[in-house]
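A short write-up of the structure that comes next.
No value in this document is a laboratory result; all are computed from the given coordinates. On a predicted model such as this, the values are computed, not experimentally measured, just so you know. Quick reminder, even Gly has a Cβ in these numbers, built from the backbone with ideal geometry, and neighbours come from all protein chains shown.
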Amino acid sequence: MTRTSITLGLLLTVLVAADAAGQWNVARFEPGRNRVYTTFGMDPAMIGSVGYGRVVELGGHNFQLTGDVGAVTAGLDSRDFRARVGTQTSLLEWKSVHLTGSATFITRGTDNSIYRGLNFGADLTGSLGVYRQGWFAAGEFGFDKAIITHITHSDWYKENYYPGAKDGWYLDAGGTYHYGLAGGFALGRTEIVGRFGLLRTERFKELATPAYVSLGVGFGF
């Protein structure tokens, strides 16, 4: 394995395995409904984010369009950041049982003593569960893919470890599967959601942090 491959592996662990898009209650989606929200969780670092969503109707389905920004909260290091835009909808339903799908475009960055990395990727997630107005519970499965990544190695890394390290764009730095449980309940206009599950590389190998957990609070208006 080359040193460049090792660097890409580190990048996959620290950057690509970031939190997938949050799960919300599709039974509460109504055209024109807005939501502001915040999420906090470990995936693989402690990440906090704030965002906004709006529900629109298209082809007989209610889609919630969202956008949020987040940063690693340990030391409030803005050099480790994430920005996402995405959508979630109910694909199929029978009574209170829904099959949902979400698609999210993700930009992620990190800066440390070894390299500075910027990644563009996408996440596709599906869930199956019971969604009612006051609560929901579902199982979810998704795949987060690093589509293209730019790496700039630090002078310290080049001087001490690998003078021939190549900076530039790399395709297909890897991907991460995530699967677990999601659930939430509503208190008036406020919705509280939680997620917990496992993370694996696209070859189903364990990551340094093998699990994710997050808590989100949204306010609808």
Revision key, fill the gap. Dipole check, region 78-221, charges on Cβ (K,R +1; D,E -1), about Cα centroid: among GLY139, GLY86, TYR157 the Cα furthest to the positive pole belongs to GLY139
Check your understanding: Of ALA138, ALA71, ALA208, which is the most mobile in a GNM of the chain whose springs link Cα atoms less than 10 angstrom apart?
Key -> ALA208
Review point. Comparing LEU207, LEU91, LEU171, which has the greatest mean-square fluctuation in the GNM of the chain with Cα pairs linked when under 10 Å apart?
Key: LEU171
Practice item. Find out how many positive minus negative residues lie around GLY218, taking Lys and Arg as positive, Asp and Glu as negative, among other residues whose Cβ is under 10 Å from that of GLY218. Key: +2
Check your understanding: Using a Gaussian network model of the chain with C-alpha springs under 10 Å, which one of ALA146, ALA103, ALA165 is most mobile by mean-square fluctuation?
Key -> ALA165
Study note, to complete from the structure: Sequence order, region 205-221: Karplus ³J(HN,Hα) from phi using 6.51 cos²θ - 1.76 cosθ + 1.60, θ = phi - 60°, Hz rounded, Gly and Pro as x, gives 9, 6, 8, 4, 10, x, 9, 10, 8, 8, 10, x, 10, x, 10, x, 7
Exercise for review: May I have the convex hull volume per residue, in Å³, for the Cα set of the chain?
Suggested key: 112
Check your understanding: Roughly how big is region 3-212's charge dipole about its Cα centre, with Cβ charges of +1 (Lys, Arg) and -1 (Asp, Glu), in debye to the nearest 20?
Key -> 260
Practice item. Subtract the Cα-Cα distance of VAL85 and PHE105 from 0.36 nm times their separation in residues, and report this length gain in nm to one decimal. Key: 6.7 nm
Exercise for review: Could you list which residues have their amide H under 5 Å from that of ARG33, counting only those 5 or more apart in sequence or on another chain, with H placed in the peptide plane?
Suggested key: VAL55
Check your understanding: So for region 124-172, Kirkwood radius off the Cα pairs, Stokes-Einstein at 10 °C and 1.306 mPa s: how many µm² s⁻¹?
Key -> 107
Check your understanding: Ratio of Rg to Rh for region 87-167, alpha carbon only, Kirkwood?
Key -> 1.29
Exercise for review: Work out from phi, with θ = phi - 60° and the Karplus expression 6.51 cos²θ - 1.76 cosθ + 1.60, the ³J(HN,Hα) of each residue of region 87-96, listed in order in whole Hz, and give x for Gly and Pro.
Suggested key: 8, 9, 8, 8, 7, 9, 8, 9, 6, 9
Exercise for review: Provide the per-residue ³J(HN,Hα) series for region 27-32, in order, calculated from phi with Karplus coefficients 6.51, -1.76, 1.60 and θ = phi - 60°, each as a whole number of Hz, with x at glycine and proline positions.
Suggested key: 5, 9, 6, 9, x, x
Review point. Among LEU198, ASN62, VAL50, whose Cα sits farthest toward the positive end of the charge dipole of the chain (+1 at Cβ of Lys/Arg, -1 at Cβ of Asp/Glu, about the Cα centre)?
Key: ASN62
